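Asker: Below is a structure I'd like to ask you about.
The values are calculated or read from the model by the stated rules, or taken from the named source; none is laboratory data. Being a predicted model, the structure only gives us computed values, none of them experimental. Because the Cβ atoms are built from the backbone with ideal geometry, glycine has one as well, and the counts that use them run over all protein chains shown.
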Amino acid sequence: MANPAQISIFEKLDGNPTAADGLYRLLKRRFDEADVRVFDLDSAAGALPIPDILVERVAANGFHYFPAMVVDGTVVSVGTLPNLLDAIDLVEQKPPVDFDRVTVTSEGQVVAPKPVLKCECC
């Protein structure tokens, strides 16, 4: 399994500490050779490295897809940040979000199917 080159977390931070802080620290320690970054959508100046598929979904449905996590250009999480254990599996396995199965509720909540992750025993 190849180590990731880049891990990006996109979130609207509103200047407040969030779960992205702990996730960033964990990913930076676990994948020390990767370029791990957190992008604050509220204070970003200039272009952000957001994958085209995510840009298209945001253009169609708004910013409900954030927070999002991207590994080497693959969107692996939308609508919420993964817990710390799932985040490691998502980075290692890079299962892409199935955007055909993602929905946005009338309240603006993103409902995405949980990715199928392989366990070490299989």
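Asker: Counting only residues that are touching a residue at least 12 places away in the same chain (Cβ under 8 Å) and not in a strand (DSSP E or B), which one in segment 97-106 is nearest to Ser8 (Cα to Cα)?
Answerer: Going through segment 97-106, the residues touching a residue at least 12 places away in the same chain (Cβ under 8 Å) turn out to be 97-99, 101-102, 104.
So of that shortlist, the ones also not in a strand (DSSP E or B) come out as 97-99, 101-102.
Numbers: Val97: 15, Asp98: 18, Phe99: 18, Arg101: 22, Val102: 20 Å.
Once the filter is applied, the top-ranked residue is Val97.
Asker: Do the conditions hold for Phe99, that is, is it crowded, with 17+ Cβ neighbours inside 10 Å and more than 11 Å from the chain's Cα centre (by Cα)?
Answerer: Working: crowded, with 17+ Cβ neighbours inside 10 Å: no; more than 11 Å from the chain's Cα centre (by Cα): yes.
In short, no.
Asker: Among the residues of segment 84-96, is there at least one that is exposed (fewer than 11 other Cβ atoms within 10 Å of the Cβ) and either part of a loop (DSSP other than H, G, I, E, B) or of a type outside the set (A, V, I, L, M) (or both)?
Answerer: The answer is no; no qualifying residue exists.
Asker: Out of Asp32, Asp52, I need the residue that is modelled with pLDDT of 90 or more and more than 18 Å from Ala2 (Cβ to Cβ). Which one?
Answerer: Answer to the check: Asp52.
Asker: Just checking: which of the strands (runs of 3 or more DSSP E) contained wholly in segment 1-81 hold 3 or more residues that are surrounded by 14 or more Cβ atoms within 10 Å (Cβ to Cβ) and in contact (Cβ under 8 Å) with a residue 60 or more places away in the chain?
Answerer: 6-11, 68-71
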